[in-house]
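To start, the structure under review is shown below, and the notes come after it.
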Protein chains: 2
Amino acid sequence: MHGVRLFSSFARQRLFFINFRPSASRFTRPSLLSTFQHHQQPQLWYSSKSSNLDDMGKQQITLKTVKGSRDWAGVDIAVRDKIFEKITTTFKKHGAVSLDTPVFELKEVLAGKYGEDSKLIYDLADQGGEISSLRYDLTVPFARWLAMNPTVTSIKRYHLAKVYRRDQPAVSKGRMREFYQCDFDIAGTYDPMLPDAEIMKITVEILDDLNIGEYTIKLNHRQILDGLFEVCGVPKDKIRPISSAVDKLDKSPWEEVRKEMTEQKGLDPEVADKIGEFVLKKGGRDLLEELEKTESLASNDNIKKGLSDMKLLFDYLDVFGVTPKISFDLSLARGLDYYTGVIYEVVTELSAPPAATQGPVVASSSKGKKKSKVNKDDPDADRSDDDTVGVGSIAAGGRYDELVGMFSGKGKIPCVGISFGVDRIYSIIRKRLENSSAVLRSSDVDIYVMAMPEGSGENKNGFLKERMAIAKRLWEGGINAEFLYKTCPKMQAQFKAAEVGGVPFAVIIFNEQLGLDTVRIKELGLPDGHPEKEGVPVAVTDLVDEVKKRLKSTGGIEQYIARVKLQES
Amino acid sequence: MHGVRLFSSFARQRLFFINFRPSASRFTRPSLLSTFQHHQQPQLWYSSKSSNLDDMGKQQITLKTVKGSRDWAGVDIAVRDKIFEKITTTFKKHGAVSLDTPVFELKEVLAGKYGEDSKLIYDLADQGGEISSLRYDLTVPFARWLAMNPTVTSIKRYHLAKVYRRDQPAVSKGRMREFYQCDFDIAGTYDPMLPDAEIMKITVEILDDLNIGEYTIKLNHRQILDGLFEVCGVPKDKIRPISSAVDKLDKSPWEEVRKEMTEQKGLDPEVADKIGEFVLKKGGRDLLEELEKTESLASNDNIKKGLSDMKLLFDYLDVFGVTPKISFDLSLARGLDYYTGVIYEVVTELSAPPAATQGPVVASSSKGKKKSKVNKDDPDADRSDDDTVGVGSIAAGGRYDELVGMFSGKGKIPCVGISFGVDRIYSIIRKRLENSSAVLRSSDVDIYVMAMPEGSGENKNGFLKERMAIAKRLWEGGINAEFLYKTCPKMQAQFKAAEVGGVPFAVIIFNEQLGLDTVRIKELGLPDGHPEKEGVPVAVTDLVDEVKKRLKSTGGIEQYIARVKLQES
């Protein structure tokens, strides 16, 4: 028993992956995991050795990922997958089905969908055959799919996949060229604002479930905005450009936006000032009522329709209990042209770039903005140090009733959806975990199969086949188990392996004490003096049931399956 | 109650998604789902309407996916995801962690890794910056990652992702240009054959869990094969080409392979005949013993090492109980050059192309082989009708101890792994389900929230907000729920919606009968005369618990979450 006593203090506390105080334990973070530096990858040059693999390794190879892309490994991917799982579970809870489209589309399918940003599309080389490009988002492939499947007139679908943009990367801020999007859309003809309200509810459920911290859903309506521009006297052909200018109010003060309107976009300064009276307003239902009472707006059809939608939406949001998260914000305009109704964007305190002003009306603060040193003309340059780049909104979307119809030529399919910037959400949560006392592990092993070796020299027995047989029994019973790939490992080596993996339990063969039909189950990291410190003998035939019971009694198997805890209690 | 009685017969049986006889029910397959034809996508030409989205839709767009790629939707993706989940669950059970690499790699990272097949690599266009290509497999990215992370000296990793090959597609046979691979590899220095044996065990666990039907793991050892070639007198520079010829024995008879060796590859016919004496042998441990006793082989170092490995492996496979699935097959050579130890390939009865001979020794049957009409010179042509193309092996792999070391220049990292052809596995299972009586659904909704409308005309009340509040309560209790997006839907429409979605339960608001604090839970599709046919009244405050209990009592929540049943009982 010496081995057990000696090394059990190495083993992890059960609380290890829940709440762990470094000072209270000798446990150190496994060296394996510490190498999974997220957002940093070494550039190594190796001269490969000559080999019998003919062409391989004769040249020097740059060992890196393509700029703006990254590997996901270790704790990073464990945390990320947990986030993905929580999000998709909520989508499914609301009846969504999954859709998976190819990573590339015919170039003509993407052409003309993204305006100026089309230059950011990754093209595939022309190698004969069809000309294609990597997808830029998940919305156009969804529209293409709906158009190709004309009998589908309504669907709730989600799609979690990577998209590609040849934008200037800012890697440490989570602005990548290859990044994940997670889209949820409801297509179909329904009574007004019901799907819209459910999307707000889903958003709140997801962000609360992720414990993302303080956030606000900025909400506006395209028709109210368009109506305001009409009432203020914006010429029809200037409505979209002026709308784009307004959308910058989250980053720039009103004075700068006004300048863009009047100087760059040739808007009458009086019209700009009228716009300013409205677009700086934000609030809740009170703002809605204020607008309804404003006589100058009452006669505009767009505004009337928009306000009636918003009123209904607020009613439904009250039922769903999500109104406190909503800010009706007239400065929200959203870049994409295709929105036709409600639009929204979820921001956190981390969303705004550090250099941005605290509020659009505080014009003076922009003077302190220091010039970025990043060369913006080099599209490959990393803008991580560029202080005009923030994390951005963590989710955004809106209603687009015309897009699918235009795409396909078949009847209109009204759609409303939201896209979660899951890489940004990941960055926020990862940072929180780093700053917390949580220690995370990347594997899901429940129990480590060990044996106390016997004999010495040539007669030494590590009970390899017995360990294998017990692992087989556990696997076939649905339990995650490992054993050391050594014929005769020392006890210490086996405890160490369990410790590095953060494994909560061990099953130990003590042939001399117990024979081969009985083993000991030991919860690792129990404090000295605990009645089960030395483990508990169990018949091999009862092993699976006993392990399951123990996994359950320490917080439920669920807790061990969902190893990575995103929330701290 | 009239509405309920009238339409409950429309609703599905609880057994609907488990075992369903079309003749025993009026339930028809939802029209939505029937449009998700897998492997077939219509080519539609639409002339888009003019719109205010400037560039959009001014041209005619071909509505299709890129050749050799496909969308995954509806029941297809539900079945596929279930397969993915089962496979990755088993990987995790054995301690594997996930790794996710970018879809593209620097071209130089892929260059020279795939020999002749390098021509199949998809390149990205040169748009300035780095030159890159879509990944061809998951092994080279894994090796690149290991090389970039020098402190990682051992890892069990899995990776499930799409890979890209500009090969001639055979869409209906599951040979695509974009397809999923699912790789599991064990890297690290361990005692011999232990990781190798665990990979065989994992393979058997996965395929049995998927109920894939009859299959065989063909097993061989590169060193035995190389040693045989040496003993037979194959010149050193001809060993790899002769090995490739031997590998064709699963598709071609020995006579053709012999011809390739002697006529194309200039091998002495006597040497070829000696090879023929060995490579047509297959068996189990008996073959191992036969080879050990064959004097001509005993002195060859490669063979000695290979046989000693195989002997140990068979010992371990016996402990894991997987020996019955193994065929020690001396004709298995595997195409890739980098294997250094055991190699294996899993075949099913569907693996061989229909035109292939039943066994390599039956040379005459090749004469009946009809010429394919497919133009093999057109790389874009679909070879689905080409009868020389089979589904191929459903999993394959081996030991590659030199690859990572050569790649990175750092010390050797011995590896052994397997790659599952999950698209092929999907094709086999999908076909089985089509031929079975199973009816599948794509969404996971547990309960449909309904209300019996009251009043008429302007005073008609559909209890929308009450339905919303109940849905909110269910969602927040973790239950998958939907309601109809109509302010005042008829009872019939609500039952119909639940039926189309295959939803097992309804919660119904009957204000006149029960008031708003009590609802009825109704299991849909109960036979007439069942005591709970009309549902059971439940206080709204007890609703979540009651629904959970009912989901459990009808086979466990698990059953409803894992809607798609891959096995039939």
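No value in this document is a laboratory result; all are computed from the given coordinates. A quick note: this is a predicted structure, and the numbers were derived from the prediction, not measured. All Cβ positions, even for glycine, are placed from backbone atoms using ideal geometry, and neighbour counts span all protein chains on display.
List the distances, in nm and shortest first, from the label point of residue B:301 to the matching label points in every other copy, placing each point 7 Å from Cα along the Cα-to-Cβ direction.
9.0
Among the listed pairs B:238/B:305; B:490/B:548; A:236/B:486; B:218/B:251; A:548/B:548, give every one whose C-alpha distance is greater than 25 Å. Each step should come with its number before you reach the end.
Details: B:238/B:305 21 Å; B:490/B:548 27 Å; A:236/B:486 35 Å; B:218/B:251 14 Å; A:548/B:548 22 Å.
Pairs exceeding the cut-off: B:490/B:548; A:236/B:486.
Cα-Cα over 32 Å: which of B:119/B:412; A:92/A:311; B:93/B:293?
Values: B:119/B:412 29 Å; A:92/A:311 28 Å; B:93/B:293 40 Å.
Pairs exceeding 32 Å: B:93/B:293.
Subtracting the Cα-Cα distance from 0.36 nm times the residue separation, let me have the gained length for residue A:492 to residue A:126 in nm, one decimal. The partial results should precede the final answer.
Working: separation 366, 0.36 × 366 = 131.76 nm, distance 5.82 nm.
Gain on extension, residue A:492 to residue A:126, equals 125.9 nm.
Decide, for segment B:191-270, between rounded, prolate and oblate: order the square roots of the alpha carbon gyration tensor eigenvalues as a ≥ b ≥ c, take rounded if a/c falls under 1.5, and otherwise choose prolate if a/b is larger than b/c, else oblate. Write out the running numbers ahead of the final one.
On the way: a/c = 4.35, a/b = 1.81, b/c = 2.41.
Cα axes put segment B:191-270 in the oblate bin.
For segment B:90-184, with the dipole built from +1 on Lys and Arg beta-carbon atoms and -1 on Asp and Glu ones, taken about the Cα centre, which of B:101, B:158, B:90 lies farthest toward the positive end?
In segment B:90-184, that residue is B:90.
May I ask you to report, in nm to one decimal and beginning with the shortest, the distances from residue B:511 to the same position in the other copies, taking label points 7 Å along Cα-to-Cβ?
Computed spacing set for this position: 7.7 nm.
Using a Förster distance of 30 Å, how high is the FRET efficiency between residue A:431 and residue B:89, based on the Cβ-Cβ distance and rounded to 0.05?
On the way: r = 30 Å, r/R0 = 1.01.
Rounded to the nearest 0.05, the efficiency is 0.50.
Treating the point 7 Å from Cα along Cα-beta-carbon as the label, what are the nm separations from residue A:237 to the other copies, to one decimal?
7.4
With each pseudo-label sitting 7 Å past Cα toward Cβ, what's the residue B:119-residue B:298 distance in nm, one decimal?
4.9 nm
So for each of B:467-477, A:316-326 I average, over its residues, the number of other beta carbons within 10 Å; can you give me the resulting order with the highest mean first? Could the numbers behind the result be given before it?
Details: B:467-477: 20.1, A:316-326: 17.9.
Packing order, densest peptide first, comes out as B:467-477, A:316-326.
Calculate the FRET efficiency for residue A:107 and residue B:154 from the Cβ-Cβ distance with a Förster distance of 41 Å, rounded to the nearest 0.05.
The computed FRET efficiency comes out at 0.40.
Given 0.36 nm per residue, what is the gain on full extension from residue B:541 to residue B:460 after removing their alpha carbon distance, in nm? Show your work: numbers first, answer last.
Values: separation 81, 0.36 × 81 = 29.16 nm, distance 2.63 nm.
Net length gain for the segment: 26.5 nm.
Quick check: residue separation of residue B:290 and residue B:476 times 0.36 nm, minus the Cα distance between them. What number comes out in nm? Kindly include the intermediate steps, with their values, before the conclusion.
Numbers: separation 186, 0.36 × 186 = 66.96 nm, distance 6.58 nm.
Extra length from residue B:290 to residue B:476 when fully extended: 60.4 nm.
Could you name the residue in chain A with the C-beta closest to the rotation axis that superposes chain A on chain B, along with the separation in whole Å?
Residue of A nearest the axis onto B, distance in Å: A:125, 2.
Counting other C-beta atoms within 10 Å, which of B:285, B:80 has the fewest, and how do the rest follow? Each step should come with its number before you reach the end.
On the way: B:285 16, B:80 22.
Exposure proxy ranking, most exposed first: B:285, B:80.
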